[in-house]
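S.K.: One structure, as structure tokens, below. Some questions next.
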Amino acid sequence: MGLAGVFFGILVGWIVGSQQPGGRAPAAAVAPAAAQPAAAQAPAAPPLDESRASAMKTTAQQNPTDAVTRVQLGNMYFDAGRYPESVEWYEAALKVNPKDVNASTDLGIAYYYMNQADKALAQFDRSLDVDPKHAKTLLNIGIVRAFGKQDLKGASEAWQKVLAIAPGSEEARAAQQALEGVKSAHPDIGKN
């Protein structure tokens with residue numbers, strides 16, 4: 001329980017800042033559940049701008065090869081906490097542009113928020129097939145492993161990769177803090 005609280009405090013600040021409209025990071029990170037590690041919980045969601053969503057849906061329907069609008073719709077629904085609808089739009093975007101690592105990672109995060117940790121991890125694997133050094137994907141793998149699968153060793157391994165490939169980045173700072181939290185709560189993790 002204490003470990004979940006440590007992670008929650010460390011990661012939520014970074015996560016909330018990375019998911020703000022207009023300042024959205026290339027791929028979002030997830031916030032783990034503090035009280036119930038098995039169930040994903042997202043930060044409080046702003047309401048969806050239905051008229052903007054409707055206009056964007058019309059644009060998407062008129063332009064079947066427009067992946068950008070589909071990703072934007074996925075982001076809007078994700079930010080509003082409407083994960084099943086965000087999944088539909090991220091999947092539609094990936095049908096048009098299967099190499100969009102950010103949309104792929106956001107899709108994985110949406111799966112996690114829908115309590116589908118295995119599906120999230122499988123999607124993150126697809127993201128890494130596109131870009132094996134995608135720091136946000138690796139950071140999220142650690143979070144899902146820690147909170148969705150209770151696999152602290154696997155989470156630590158993912159966060160170590162973030163530090164190796166993206167030193168000095170926001171993701172590396174979040175990964176370092178998470179690793180420190182794991183080490184302080186579970187000093188035996190990583191010792192073999």
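S.K.: Straight-line reach from LYS183: which lysines have a Cα under 17 Å away, not including same-chain ones fewer than 8 places off?
M.R.: LYS153, LYS161, LYS191
S.K.: Let me ask something else about it. Quick one: with all protein chains in place, what share of the accessible area of region 105-175 is carbon or sulfur, to the nearest percent (1.4 Å probe)?
M.R.: About 48 percent, which is the carbon plus sulfur part of the accessible surface.
S.K.: Let me check against my output: what whole-number percent is the relative contact order of region 56-137, with C-alpha pairs under 8 Å and at least 6 apart?
M.R.: Answer for region 56-137 is 22 percent.
S.K.: Tell me whether region 54-192 comes out rounded, prolate or oblate; compute the Cα gyration tensor, take square roots of the eigenvalues as a ≥ b ≥ c, and use a/c under 1.5 as the rounded threshold.
M.R.: Because a/c hits 1.5 or more and a/b exceeds b/c, region 54-192 counts as prolate.
S.K.: Counting every Cα pair in region 104-180, what percent are over 18 Å apart?
M.R.: 32
S.K.: Between ARG52 and ALA185, what FRET efficiency follows from the Cβ-Cβ distance if R0 is 41 Å, with the result rounded to 0.05?
M.R.: 0.45
S.K.: Also: Under the Karplus relation 6.51 cos²θ - 1.76 cosθ + 1.60, θ = phi - 60°, what is the ordered set of whole-Hz ³J(HN,Hα) values for region 60-73, x standing for Gly and Pro?
M.R.: 4, 5, 7, 10, x, 9, 8, 6, 4, 4, 5, 5, 4, 5
S.K.: Using each residue's phi in region 115-128, evaluate 6.51 cos²θ - 1.76 cosθ + 1.60 at θ = phi - 60° and report the 3J(HN,Hα) Karplus result to the nearest Hz, with x for Gly and Pro.
M.R.: 6, 10, 4, 5, 5, 4, 5, 5, 5, 4, 4, 5, 4, 5
S.K.: Additional query: Step through the residues of region 159-176 one at a time and calculate ³J(HN,Hα) from phi using the Karplus curve (6.51 cos²θ - 1.76 cosθ + 1.60, θ = phi - 60°), rounding each to whole Hz and writing x for Gly and Pro.
M.R.: Once θ is set to phi - 60°, the couplings for region 159-176 become 5, 4, 4, 4, 4, 6, 9, 9, x, x, 7, 4, 5, 5, 5, 5, 5, 5 Hz.
S.K.: Continuing with the same structure: For region 50-131, what Kirkwood radius comes out of the mean inverse Cα-Cα distance, in Å?
M.R.: Computed over region 50-131, the radius equals 12.4 Å.
S.K.: Figure the gain on full extension for GLN176 and LYS95 (residue separation times 0.36 nm, minus the Cα-Cα span) and round it to one decimal in nm.
M.R.: Between GLN176 and LYS95, full extension yields an extra 25.7 nm.
The values are calculated or read from the model by the stated rules, or taken from the named source; none is laboratory data. What you see is a predicted model; the values in this text were computed from it and never measured. Neighbour counts are summed over all protein chains in view; Cβ atoms, including those assigned to glycine, are modelled from backbone coordinates with ideal geometry. Side chains are part of the model used for accessible areas, which takes the heavy atoms of the whole protein and leaves out ligands, DNA and RNA. Shrake-Rupley method; radii C 1.70, N 1.55, O 1.52, S 1.80 Å.
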